[in-house]
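Input: a single structure, listed below in structure tokens.
Every number in this text was worked out from the coordinates using simple rules, so none of it is lab data. Because the structure is predicted, anything quoted here is derived from the model rather than measured. FYI the Cβ positions are ideal-geometry reconstructions off the backbone, even for glycines, and counts take in every protein chain you see.
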Amino acid sequence: MKTFFKLEEKKTNFKQEITAGITTFLTMAYIIFVNPNILSASGMDKGALISVTCLAAAIGSIICGIWVNVPFAMAPGMGLNAFFTYTLVLGAGATWQEGLGVVFISGILFIILTLFGFREKIIETIPIELRLAIGAGIGLFIAFLGMNGMGLIVSNPATLIGLGPMKLNLVLGLLGFLIMGILEIKRVKGGILIGILITTFIGMIAGIVEIPQQIFSFPPSIAPIAFKLDILGALKVAFIGPIFSFMFVDLFDSLGTIVACANEANMVEKDGKIKDINKILEADAIATVIGSVLGTSTTTTFVESAAGIAVGGRTGLTSVVTGLMFLLALFFSPLIEIVPVFATAPALILVGVYMFKNLLDINFHKIEVAIPCFLTIIMMPLTYSISTGIAFGFISYLAVNMATEMRKKIPLTMWLIGLISLIEIAKEPIAKLLSTLF
């Protein structure tokens with residue numbers, strides 16, 4: 001194992017790598033609770049989702065550890081799971097089986113883009129400001145979902161949304177958010193996970209959370225959702241936008257994570273390039289395809305990997321240990337199943353805060369930058385759709401820059417992305433037209 005993972009070459013050891021792997025797991029284990037809560041709203045079986053979330057995280061992390069030998073962990077991505085449920089299934093009317101088909105196709109396209117070098121062209125084409133705005137917009141969207149989940153904001157016929165009634169669920173949710181915030185300020189490893197567990201325990205004391213009858217059990221069966229993806233059903237005009245949105249968001253999310261963690265992990269070469277970045281992205285895409293077959297939304301590289309790297313993780317052994325911890329978590333499903341929405345909702349808000357920090361690197365003094373970025377960010381929560389926000393961002397960028405000298409520098413690839421975005425916004429009339437014609 002020393003030879004395989006090159007421990008001595010990377011100046012690390014078994015104890016350091018195992019400690020790093022456990023640290024990474026603790027910082028991202030909240031996904032075991034949050035992902036099933038979000039995806040089950042689409043009609044998927046929650047027990048099966050617990051097992052699949054653990055399996056997808058374990059498989060993705062172990063692939064990254066053994067194949068690429070880097071300390072990056074993977075799991076079903078935040079924002080992408082919300083996109084799956086609230087934009088694609090509840091918003092666009094897709095079945096969850098078709099939704100998994102969309103995820104599968106986006107993963108295959110991601111693999112093709114990476115293998116043939118198109119990934120670099122797409123990245124170079126899309127302005128950095130739009131990439132940052134997409135991340136910030138997703139952060140605002142999932143924070144909005146968290147506030148709604150705990151009852152902080154509710155629908156209001158007069159004002160569309162309003163402040164919810166101060167019920168016990170909301171009080172405990174706000175308390176959980178406060179606990180998570182304090183733990184994050186104190187830099188406590190696994191602060192979000194600890195906050196979820198404390199909030200759940202207080203809910204038990206208050207009598208609004210069921211006390212589990214057992215702690216250990218065999219993992220819930222994945223049969224209700226595994227291998228149920230509908231690939232043919234996903235091949236519709238209406239799903240062109242979501243397919244590319246999944247691919248774009250996963251691409252930006254993964255790249256942002258890799259860039260953020262690469263320097264500390266000593267992966268940046270002298271010319272500034274990140275070592276094995278293509279293999280990491282390929283592993284990400286393969287994990288997405290496997291995850292969609294098992295029954296979950298897009299699997300992506302987690303920025304929480306930085307926690308393990310910070311305590312000394314330098315090789316793939318860190319990721320393998322993280323993956324094994326997710327497999328161990330499979331046998332704690334009785335505890336996971338009783339965790340209420342008001343305990344996981346604060347995690348969504350806090351993750352949204354972290355993602356919203358992208359705004360700091362956007363130059364809003366330039367109106368040609370401010371308009372598309374603002375529309376990208378604001379349209380996601382207001383339309384309850386990540387893909388709609390992305391589409392408005394691309395279209396407005398092209399429209400605004402037609403009036404500037406930048407129009408001469410906009411590459412063809414960006415115009416093609418704009419066309420895809422236009423199809424996404426106008427998918428309903430286009431679908432009706434095609435239905436009439438054919």
Assuming R0 = 51 Å, what is the FRET efficiency of L419 and L178, from their Cβ-Cβ distance, to the nearest 0.05? 0.65
Quick check: the distance between the Cα centres of the range 64-94 and the range 105-169, to the nearest angstrom? 12
Which labelled figure in (i) 32, 28, 22; (ii) 34, 24, 21; (iii) 43, 33, 21 is semi-axes √(5λ) of the Cα gyration tensor in Å, once derived from the coordinates: (i)
I need the peptides 151-160, 45-54 ranked by packing, meaning the mean over residues of other C-beta atoms within 10 angstrom, with the highest value on top. 45-54, 151-160
With 28 Å as the limit, write out which pairs from K236/K366; K6/K228; K275/K357 have Cα-Cα distances beyond it, or answer none. K236/K366; K6/K228
Give me the one-decimal nm value for the distance between modelled label points at L160 and K46, 7 Å along each residue's Cα-to-Cβ direction. 3.0
Pair A399, V188: separation of 7 Å Cα→Cβ label points (nm): 4.8
Arranged by the count of other C-beta atoms within 10 angstrom, fewest first, what order do V102, V351, V188 take? V188, V351, V102
Compare the peptides 294-301, 323-330, 9-16 by average per-residue count of other Cβ atoms within 10 angstrom and give them in order, highest first. 294-301, 323-330, 9-16
Take each complete run of DSSP H in the chain, measure how far its Cα atoms stretch along the helix's own axis, and keep only those covering 24 Å or more with mean Kyte-Doolittle hydropathy at least -0.5; list them. 46-63, 96-115, 128-150, 168-185, 240-262, 277-294
